[in-house]
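J.: Mind having a look at this structure? Questions to follow.
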Amino acid sequence: MPGLLAAAAGAGDLYRWSPVPQDEAAVRRYVETAIAARDSETGVPFAVVRLEDGAVIGSTRFFNLDYWAWPDPKPAPDTCEIGYTWLSRDAIRTGANTEMKRLMLTHAFEVWQVRSVCLHTDVRNQRSRDAMQRIGARFEGILRAHRLGADGSPRDSARFSVTAEDWSAVRLRLDELSRRYQLT
């Protein structure tokens with residue numbers, strides 16, 4: 001938990017649209033909620049760790065795992081959402097978000113064989129909207145009063161998705177972006 005607390009510290013305006021824990025009690029609740037989701041099989045949370053030095057630089061998770069009522073049920077979800085994503089100030093624009101989306105989408109489509117993955121962001125969060133479009137997710141529309149916003153008011157969410165049909169093109173895009181970040 002100290003790593004998550006350190007990663008969230010000093011971000012100020014960076015998390016205006018995302019609920020990011022800012023003190024030890026909030027980090028504890030955040031981790032406990034993530035573990036409860038994991039234990040109930042409704043989420044798969046991750047701490048994001050930078051390989052070069054082992055520093056925790058953020059968090060993300062799969063959630064809203066949806067299992068369709070197939071005649072022969074499969075053990076993996078049919079659809080899911082990626083969210084609860086945030087990075088430390090020094091990890092922004094480093095390729096970390098692109099890499100975690102590449103890894104997570106690869107797992108969702110190639111291991112779980114999902115039909116679609118959706119991503120939501122506060123409609124006011126233009127930086128996140130741009131990032132979702134940059135990786136190849138398709139904008140689907142605005143869900144009004146969809147979730148509780150970081151500011152405590154109902155937020156409108158911009159919805160993006162990647163479908164199984166989109167995956168090969170999105171994967172190529174993510175691979176290209178990953179190579180660019182490795183060169184810089």
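J.: With respect to GLY58, determine if the residue is surrounded by fewer than 14 Cβ atoms within 10 Å (Cβ to Cβ), under 21 Å from GLY3 (Cα atoms), among the small types (Gly, Ala, Ser) and out of contact with any Gly (no Cβ under 6 Å at 6 or more places or on another chain).
T.: On the way: surrounded by fewer than 14 Cβ atoms within 10 Å (Cβ to Cβ): no; under 21 Å from GLY3 (Cα atoms): yes; among the small types (Gly, Ala, Ser): yes; out of contact with any Gly (no Cβ under 6 Å at 6 or more places or on another chain): yes.
Considered against the rule, which asks whether it is surrounded by fewer than 14 Cβ atoms within 10 Å (Cβ to Cβ), under 21 Å from GLY3 (Cα atoms), among the small types (Gly, Ala, Ser) and out of contact with any Gly (no Cβ under 6 Å at 6 or more places or on another chain), GLY58 comes out as no.
J.: Mind checking whether some residue in the stretch 69-77 is outside any loop (DSSP other than H, G, I, E, B), at pLDDT below 95 and open to solvent by 30 Å² or more (accessible area, probe 1.4 Å)?
T.: Checking the stretch 69-77: not a single residue is outside any loop (DSSP other than H, G, I, E, B), at pLDDT below 95 and open to solvent by 30 Å² or more (accessible area, probe 1.4 Å).
J.: Now for a separate question. For the stretch 25-54, which positions are open to solvent by less than 80 Å² (accessible area, probe 1.4 Å) and either in contact with a helix residue (DSSP H, G or I) (Cβ under 7 Å, 6 or more places away or on another chain) or not small (Gly, Ala, Ser) (or both)?
T.: Looking only at the stretch 25-54, we keep the residues that are open to solvent by less than 80 Å² (accessible area, probe 1.4 Å), and these are 25-27, 30-31, 34-37, 40, 42-45, 47-50, 54.
Across the stretch 25-54, the qualifying residues are VAL27, TYR30, VAL31, ILE35, THR42, GLY43, VAL44, PRO45, ALA47, VAL48, VAL49, ARG50.
J.: I need every pair where a residue in the stretch 152-174 that is within 22 Å of THR106 (Cβ to Cβ) and open to solvent by less than 20 Å² (accessible area, probe 1.4 Å) has its Cβ under 7 Å from the Cβ of a residue that is of a type in the set (S, T, N, Q) and not in a strand (DSSP E or B), sequence separation at least 6 or different chains.
T.: Once the first residue is within 22 Å of THR106 (Cβ to Cβ) and open to solvent by less than 20 Å² (accessible area, probe 1.4 Å) and sits in the stretch 152-174, its partners that are of a type in the set (S, T, N, Q) and not in a strand (DSSP E or B) give LEU174/THR98.
J.: A further question follows. PHE63: over 24 Å from ALA9 (Cα atoms) and touching a strand residue (DSSP E or B) at 6+ places or on another chain (Cβ under 6 Å), yes or no? Show your work before the answer.
T.: Numbers: over 24 Å from ALA9 (Cα atoms): yes; touching a strand residue (DSSP E or B) at 6+ places or on another chain (Cβ under 6 Å): yes.
In short, yes.
J.: Quick one: would you say ARG144 is open to solvent by 30 Å² or more (accessible area, probe 1.4 Å), out of contact with any helix residue (DSSP H, G or I) (no Cβ under 9 Å at 6 or more places or on another chain) and without any contact (Cβ under 8 Å) to a residue 24 or more places away in the chain? Write out each step before concluding.
T.: Values: open to solvent by 30 Å² or more (accessible area, probe 1.4 Å): yes; out of contact with any helix residue (DSSP H, G or I) (no Cβ under 9 Å at 6 or more places or on another chain): yes; without any contact (Cβ under 8 Å) to a residue 24 or more places away in the chain: yes.
Taking the combined requirement at face value, the residue satisfies it.
J.: Which of the following residues is within 28 Å of LEU172 (Cβ to Cβ) and modelled with pLDDT of 95 or more: GLU32, GLU81, GLU99, GLU52?
T.: On the way: GLU32 fails: within 28 Å of LEU172 (Cβ to Cβ); GLU99 fails: modelled with pLDDT of 95 or more; GLU52 fails: modelled with pLDDT of 95 or more.
So the residue among GLU32, GLU81, GLU99, GLU52 that is within 28 Å of LEU172 (Cβ to Cβ) and modelled with pLDDT of 95 or more is GLU81.
J.: Something else now. Testing ARG93 on (1) over 13 Å from the mean Cα position of the chain (by Cα); (2) closer than 23 Å to ALA145 by Cβ, one condition comes back false. Which one is that?
T.: In the conditions (1) over 13 Å from the mean Cα position of the chain (by Cα); (2) closer than 23 Å to ALA145 by Cβ, ARG93 misses (2) alone.
J.: Looking at the stretch 108-141 only, could you name the residues that are open to solvent by 90 Å² or more (accessible area, probe 1.4 Å), farther than 21 Å from TRP17 by Cα and touching a strand residue (DSSP E or B) at 6+ places or on another chain (Cβ under 6 Å)?
T.: Result: ARG115, single match.
The values are calculated or read from the model by the stated rules, or taken from the named source; none is laboratory data. Nothing here was measured: the structure is a model prediction, and the numbers come from that model. Counting neighbours? That spans all protein chains shown, and the Cβs are built from the backbone with ideal geometry, glycine included. Ligands, DNA and RNA are excluded from the accessible area calculation, which covers all protein heavy atoms including side chains. Shrake-Rupley method; radii C 1.70, N 1.55, O 1.52, S 1.80 Å.
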